[in-house]
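> This is the structure, below, for whatever I ask next.
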Amino acid sequence: MKFNRKSRRFFLQGAGATLLALPMLESLLPKGVAMAATPKSFIGIGAWNGLYRMYGPDSQLMPRTPESNGSLVGLSKVNVPGCHAIHHGLLSELATANGGRISEIIDEEFTPLLPKMMMMQGFDFIGLGWYHHYGQFGNWHRTAGMDEGNPDMATLDNVLADWFGSQGLPGDVVTYSAASNDTDYGCSFRADGTRTASRFSDPGILWDKYFADAQIPTDFKLLLVDRVLEDYKALKNNPRLGAEDRIRVDNHIEHLYSTQKEVQEVGAVCDQLRPETDLGDRGLVLRTMNDVIVGLISCGMANSFMGWAAALVSDDPEQWHVWSHAGYDNDNDAIADSVAYDGIIAQSKSVMKDMCLDLAKKLDALDQLDNCVIACIQEHNKRGHESWNVPVITFGGAGGTFKTDQYIDYRNIADRDDVVYSRFGFPINQLYANLLMSMGMPASDFEALNKTRDDGAGSPFKAGSGYGVNAIHPDAAFDYSLGGHYASWSNYDLSGWLPQIKA
């Protein structure tokens, strides 16, 4: 067994150059080597195209929120000085009152993890107005015509990867999807607007990049864990290995063993990930990708990830968008095409279960979830092209930073209804800032990355605060719009903690 003093990690050794990284083992650290704080990890999940009943009294995604006299029934109301009142409640209590689940999509399978989740409604992409497309995580210059006037900016996964690298941690970012024809539909961008190069639709290739021994053919008979078996046995017999570390090692080895077996088994499926692929296998690809991601986090090989899956229920990445427009009638506030709407529901369920819940469960089984944040952000609200009042669902507390088991509704409920136009809430720039700070990044570091619009558009918020373009889009600046909603938020600090979010 080898010890790397810089990373403070142990590595099992096998034949040739075979090495297998282990989790932090405090009981075996040499004298004089301080225990390093476990690095935090960020996983962004992009969701597209909205959902007609994604919030409100008949919600199929967020908790149901009946209204009465400008308040949400069953939730606590908190007045936020200089802004507007918000509402919040415990997810576990909301599930208990709703038959043991939050909603049709966030059903009973999620309930055991509700104490480690947050569900938040009402974030506004202030710099987009009526534009949208790919902007979930901070680059608001990827709209259909790219004529919305925003500068390119790095998305959160890349901001964090660069910052992790500056702190002596791995600076890798891993982006992934369920199919090869989906890799250009993602929401991960560098500061110059180019897409992140490290994109994977095959969990086997991702595994090979980080775990496989390049000196051994890809059809080797022994799994990686088998090749370090003797060193593993010696480690188990080490009298200095503490009881908790012994359990941690066993769980880690078992996870990597089962992960590599699953990667090999799904290999044939991954080779067929083209338009003719078997649609029933896409969920399996994502769940296997989750196994590899858990291994990467546990071994300290990568801490920043971004996933999406436009091609999931359908093999056509554009079908989700078609369903969105056909599925509901904005003007009459009704479902228009039930078949298309059922497609949106099926897509939303798969994203939440195969991408988010499955990953959260696997991280939690290895005691990793509490030090991570999985953040699933929608592209727009229930009405197509309205890039405000979007929902966000998170898993994990970022090392105790976030107050989990919460539903927080940031909408201005007293202002109007959500029928003709959706309500406004809080700038998503502040959520971006909170996610970055939860990983340990100082506000001064990400504020220095902010850019301005060439047309000089601004906002009433504290200059340069938050992460992203600190400006309200000109087409939403007047009348009953984002500009009117935020007119009184003078010098509001977008780098401060959102109400109710901090533990």
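Any read-out appearing in this document is the output of simple, stated calculations on the displayed coordinates, not a laboratory observation. In this text, all values refer to a predicted model and were calculated from it rather than measured experimentally. As a convention, Cβ positions derive from the backbone with ideal geometry for all residues, glycine included, and neighbour counts pool all protein chains shown.
> Which residues does a label at LEU90 reach in the range 471-503, if reach means a backbone N under 14 Å from a point 7 Å past the Cα toward the Cβ?
Under cut-off, by backbone N: nothing.
> Got a sec? Charge dipole of the range 70-191, +1 on Cβ for Lys and Arg, -1 for Asp and Glu; which of THR111, SER177, GLY165 is way out at the positive end?
Comparing the listed Cα positions along the dipole, THR111 ranks first.
> Counting Lys and Arg as +1 and Asp and Glu as -1, each charge on the Cβ, what is the dipole of the range 288-408 about the Cα centre in debye, to the nearest 20? Numbers along the way, then the final one.
On the way: 7 positive and 17 negative charges, 87 e Å.
Rounded to the nearest 20 debye, it is 420 debye.
> Quick one: length gained pulling LYS502 to ASP316 fully straight, 0.36 nm per residue minus the C-alpha distance? If you can, show how the numbers build up before the last one.
Numbers: separation 186, 0.36 × 186 = 66.96 nm, distance 3.98 nm.
This chain segment gains 63.0 nm when fully extended.
> Another question, if that's okay. Considering all projection directions equally, how large on average is the shadow of the alpha-carbon convex hull of the range 333-388, in square nanometres?
Values: hull surface 20.1 nm².
Spelled out: convex hull of the Cα atoms, projected over all directions, averaged, 5.0 nm².
> Through the Karplus equation 6.51 cos²θ - 1.76 cosθ + 1.60, θ set to phi - 60°, convert the phi angles of the range 123-134 into ³J(HN,Hα) values in whole Hz; use x for Gly and Pro.
Using θ = phi - 60°, the values come out as 9, 10, 7, 5, x, 10, x, 8, 8, 7, 5, 6 Hz.
> Oh, and also: Between the range 96-173 and the range 384-406, what is the separation of their alpha carbon centroids in Å?
8 Å
> Sticking with this one: Separation between the ALA234 and ASN251 pseudo-spin-labels, each 7 Å from Cα along Cα→Cβ, expressed in nm?
It is 2.7 nm.
> Could you sort out which of LYS349/LYS462; LYS209/LYS361; LYS362/LYS403; LYS40/LYS451; LYS77/LYS382; LYS382/LYS451 sit more than 32 Å apart by Cα distance in this structure?
LYS349/LYS462
> Further, regarding this structure: Going by the alpha-carbon gyration tensor, a ≥ b ≥ c the square roots of its eigenvalues, is the range 336-447 rounded (a/c under 1.5) or, if a/c is not under 1.5, prolate (a/b greater than b/c) versus oblate? It would help to have the intermediate numbers written out before the result.
On the way: a/c = 2.38, a/b = 1.26, b/c = 1.88.
Note, shape of the range 336-447 comes out oblate.
> Applying a 10 Å radius around every beta-carbon, put 96-102, 465-471 in order of their mean neighbour count, most first. Working shown, then result.
Details: 96-102: 14.0, 465-471: 25.7.
Put in order of decreasing packing, that is 465-471, 96-102.
> Equivalent ellipsoid semi-axes for the range 414-503, as square roots of 5 times the alpha carbon gyration tensor eigenvalues: give them largest first, rounded to whole Å. If you can, show how the numbers build up before the last one.
On the way: eigenvalues 113, 61, 20 Å².
For the range 414-503, the ellipsoid semi-axes come out as 24, 17, 10 Å.
> A follow-up question, please. If you stretched the chain out fully between VAL73 and ALA414, how much longer would it get, using 0.36 nm times the residue separation minus the C-alpha to C-alpha distance?
Working it through step by step, the gained length comes to 121.5 nm.
> Something else now. Full extension from VAL339 to SER490: what is 0.36 nm times the residue separation minus their Cα-Cα distance, to one decimal in nm?
Working: separation 151, 0.36 × 151 = 54.36 nm, distance 4.61 nm.
Between VAL339 and SER490, full extension yields an extra 49.7 nm.
> Where does each of 113-122, 454-463 land if you order them by average Cβ count within 10 Å, highest first? If you can, show how the numbers build up before the last one.
Numbers: 113-122: 23.4, 454-463: 15.2.
Descending packing order for the listed peptides: 113-122, 454-463.
> Answer with one residue from GLY100, ILE86, PRO39: the one whose Cα lies farthest towards the positive end of the charge dipole of the range 36-134, charges on Cβ with Lys, Arg +1 and Asp, Glu -1.
Farthest towards the positive end: PRO39.
> Using a basic spin-label model with each label point 7 Å from the Cα along Cα→Cβ, how many nm lie between ASP152 and ALA197?
If labels sit at ASP152 and ALA197, their model points lie 1.4 nm apart.
> Along the range 41-52, what does the Karplus equation 6.51 cos²θ - 1.76 cosθ + 1.60 (θ = phi - 60°) give for ³J(HN,Hα), rounded to whole Hz, x for Gly and Pro?
9, 10, 10, x, 10, x, 10, 10, 6, x, 6, 3
> Please give the per residue volume of the convex hull enclosing the alpha carbon atoms of the range 424-465, rounded to a whole number of Å³. Display every interim value, and only then the final one.
Working: hull volume 3.4 nm³, N = 42.
Output value, Cα hull per residue: 80 Å³.
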